[in-house]
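**Student:** First the structure, then my questions, so here it is.
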Amino acid sequence: MGTQLEYVLRKNLWAFDENRIAVRFQYEWHDTSGQWHRSFGNELWEFDGNGLMRIREASINDREIVETQRRYFGSRPESEHGVDFPLE
């Protein structure tokens with residue numbers, strides 16, 4: 001995959017139960033040639049009795065985008081808190 005530059009990440013809580021958390025995520029970045037990408041998928045975290053991560057599973061898809069298709073710029077603004085991002 002190479003170097004991911006100007007990486008911007010968004011995660012939404014999908015589900016949780018006892019020692020497991022599932023999230024949906026999207027992140028955007030560009031490579032050293034300037035090509036933009038959006039990566040998206042699901043992630044499951046499972047924690048041990050001490051609260052340390054025991055298992056992390058992720059399914060990640062990458063798609064090339066043009067810079068004008070970018071959705072994310074810097075930190076998540078308060079206006080986006082609690083708002084799901086579009087599926088892709």
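**Student:** Counting only protein heavy atoms and a 1.4 Å probe, tell me what percentage of the chain's accessible area is made up of carbon and sulfur. Numbers along the way, then the final one.
**Tutor:** Working: 3020 of 6050 Å².
With neighbouring chains kept in place, the figure for the chain is 50 percent.
**Student:** Find the accessible area per residue for the chain; the probe is 1.4 Å, ligands and nucleic acids are left out, and the unit is Å².
**Tutor:** Details: 6050 Å² over 88 residues.
Result: 69 Å² per residue.
**Student:** How large is the dipole of the chain about the Cα centre if only Lys and Arg carry +1 and Asp and Glu carry -1, each at its Cβ, rounded to the nearest 20 debye? Mind showing how you got there, number by number?
**Tutor:** Details: 11 positive and 16 negative charges, 12 e Å.
Magnitude of the dipole: close to 60 debye.
**Student:** If the chain between residue 66 and residue 3 were fully stretched, how many nm would it gain, using 0.36 nm times the residue separation less the Cα-Cα distance?
**Tutor:** Full extension of this stretch gives 20.9 nm more.
The values are calculated or read from the model by the stated rules, or taken from the named source; none is laboratory data. Predicted model, so just to flag it, every value in this text is computed and none were measured. Note that each Cβ is placed from the backbone with ideal geometry, even for glycine, and that neighbours are counted across all protein chains shown. Remember, those area values only see protein heavy atoms, side chains included, never the ligands or the DNA or RNA. Shrake-Rupley method; radii C 1.70, N 1.55, O 1.52, S 1.80 Å.
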